[in-house]
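Before any comments, here is the structure.
The values are calculated or read from the model by the stated rules, or taken from the named source; none is laboratory data. Note that the structure is predicted; figures quoted are calculated from it, not measured. Cβ placement follows ideal geometry from the backbone for every residue including glycine, while neighbour counts extend to all protein chains displayed. Keep in mind that these areas ignore ligands, DNA and RNA; they rest on the heavy atoms of the full protein, side chains included. Shrake-Rupley method; radii C 1.70, N 1.55, O 1.52, S 1.80 Å.
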Amino acid sequence: MKFISQYKGLPRGVYILCSARIITAMGMFIFSFTSLILTSILGFSEVLAGYVLMCSSLCGIAGAFLLGRLSDVLGRKKVLVAAMTVGAVNLFIGGLICRTPYVIGVILLSNFIFSGVLPTFAALVTDWSNESNRSQCFSLLYLCINVGFSVGQVFAGILFYNYYPWIFWGQGLGWLACMIIVVLFVKDEFVPEKARKAAGDRQTSETTLTSRRFRFLYMVAKDKTLLGFILTLILLVFCHTQISFMIPLQYKGVLGLEQCSLLISRLWLINGICCVVLTPFLSLLIRKWKPIKSMLAASASFVAAFGIYALSNNPTVYLALVPLWTCGEIIYNTTGGIFIGSRAPEAYRARYQSLNSFATSLGQCAGPMIMSHFLIGNSYLGGWLLVSLVSLAALFVISLVLRRENRLSSLSRDDNLKGKSCCSKC
């Protein structure tokens with residue numbers, strides 16, 4: 001069938017990377033339960049937990065830019081292996097100190113490394129793919145992540161309540177397995193900046209660009225379409241973060257810790273299953289769409305889902321609407337890497353992909369901080385109303401970006417027609 005056959009004939013490295021990501025996703029326990037770890041295990045207030053999550057997201061931003069830069073300078077594989085090794089050791093230590101406040105340092109470093117390796121993964125996929133199959137490559141990678149995530153969430157709630165240290169040790173084992181797969185099977189075809197300079201290759205324009213300070217920031221700043229796309233991504237991630245931040249807090253007092261942890265596991269299990277089932281179909285559907293149009297659809301699905309969350313406090317309704325906001329999650333996650341990769345010079349691919357992690361981390365940073373203060377004087381339903389309004393703002397921003405791109409395309413066509421008319425007269 002076409003929705004399966006679209007993943008045939010992709011580069012071998014993509015399949016290997018997807019296998020590694022399945023394993024790491026199976027052990028992604030910490031990030032689903034961070035708010036419960038902070039409030040229920042360590043006894044933090046909601047506001048204090050929000051600040052810790054904000055610091056975690058800031059670490060993610062720093063990790064994305066630093067490891068993205070190192071991936072372009074030193075090479076993708078070296079950075080990936082080193083980061084996953086340090087991350088695994090950090091998580092094994094985390095299991096030993098998981099009931100003390102020192103575990104916050106483990107969480108911060110984990111987010112630094114996790115956000116940092118995402119641009120490297122995306123840069124590898126971009127290196128191995130081309131314009132004709134890049135959409136399928138990113139779609140398959142996202143599909144595999146959710147296959148692993150779905151399997152992992154079956155055990156996540158049980159582990160959290162009964163075998164809490166294994167929340168850390170399980171994720172550490174997943175990262176260690178990923179590192180071993182990368183060492184044995186991944187071949188890095190990218191020639192890093194350091195090797196190019198050592199070889200005295202100064203002839204290509206891209207190498208000349210990399211020698212100029214702040215060139216990366218200059219290129220990003222002048223790309224208004226990219227900036228609008230990133231702003232939309234930040235707003236959507238802000239909204240999506242509230243699922244893992246606000247829902248556990250919303251139902252912890254109503255259902256109790258054990259039932260709340262099981263509810264969270266079910267929610268993420270449904271989300272993972274929906275991602276596995278819907279990703280191939282959505283990938284086929286939006287394959288010929290412009291990424292900006294795809295982001296428009298993602299924003300609309302968030303507006304609808306979170307708008308209904310603002311009207312009901314029933315856990316069944318929250319579970320029933322998971323497929324709706326999952327569609328938006330699938331679209332923005334698969335579209336972001338494709339769009340950003342398409343605008344990046346080869347020597348800057350990891351740094352450009354770090355913008356994806358930057359937007360994700362910034363949205364995750366702002367989400368808990370703003371919402372924790374908002375909830376002091378407002379209800380959880382009021383919080384979901386705020387989330388739906390932010391989703392509406394994302395819809396408005398990406399609509400402006402789409403209108404700008406259509407206008408530029410129209411002007412470009414008019415210029416081409418005038419050029420042809422002039423030539424015919426000559």
In the range 320-342, which residues are touching a helix residue (DSSP H, G or I) at 6+ places or on another chain (Cβ under 6 Å) and open to solvent by 30 Å² or more (accessible area, probe 1.4 Å)? Pro323, Leu324, Cys327, Asn333, Ile338
Looking at Arg69, is it within 21 Å of the chain's Cα centre (by Cα), among the basic types (Lys, Arg) and within 22 Å of Arg12 (Cβ to Cβ)? no
Out of Ile41, Ile16, Ile22, Ile37, report the one residue that is under 17 Å from the mean Cα position of the chain (by Cα) and of a type in the set (Val, Ile, Thr). Ile22
Only one of these conditions is not met by Ser342: (1) under 25 Å from Leu400 (Cα atoms); (2) touching a Leu at 6+ places or on another chain (Cβ under 8 Å). Which number is it? (2)
Count, please, the residues in the range 379-402 that happen to be within 22 Å of the chain's Cα centre (by Cα) and open to solvent by 60 Å² or more (accessible area, probe 1.4 Å). 3
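Being more than 23 Å from Ser354 (Cβ to Cβ) and buried (at least 21 other Cβ atoms within 10 Å of the Cβ) is the filter here, so list the residues in the range 79-96 that pass it. Quick ask: steps written out before the conclusion?
Initial filter on the range 79-96 (more than 23 Å from Ser354 (Cβ to Cβ)): 89, 92-96.
Within the range 79-96, Gly94 is the sole residue that qualifies.
Taking Leu109, is it of a type in the set (A, V, I, L, M, F, W, C), part of a helix (DSSP H, G or I) and surrounded by fewer than 18 Cβ atoms within 10 Å (Cβ to Cβ)? Full working, then the answer.
Details: of a type in the set (A, V, I, L, M, F, W, C): yes; part of a helix (DSSP H, G or I): yes; surrounded by fewer than 18 Cβ atoms within 10 Å (Cβ to Cβ): no.
It is false that Leu109 is of a type in the set (A, V, I, L, M, F, W, C), part of a helix (DSSP H, G or I) and surrounded by fewer than 18 Cβ atoms within 10 Å (Cβ to Cβ).
Might you check whether a residue that is in a helix (DSSP H, G or I) and in contact with an Asp or Glu (Cβ under 6 Å, 6 or more places away or on another chain) occurs anywhere in the range 77-98? Talk me through it step by step, then tell me what you get.
Residues of the range 77-98 in a helix (DSSP H, G or I): 77-96.
Filter once more, so that each one left must be in contact with an Asp or Glu (Cβ under 6 Å, 6 or more places away or on another chain): 77.
So far as the range 77-98 goes, yes, one or more of its residues are in a helix (DSSP H, G or I) and in contact with an Asp or Glu (Cβ under 6 Å, 6 or more places away or on another chain).
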Residues of the range 247-302 being touching an Asp or Glu at 6+ places or on another chain (Cβ under 7 Å) and modelled with pLDDT under 85, in sequence order, are Leu249
Filter result for Gln153 (assigned to a helix (DSSP H, G or I), modelled with pLDDT under 70 and crowded, with 19+ Cβ neighbours inside 10 Å): yes
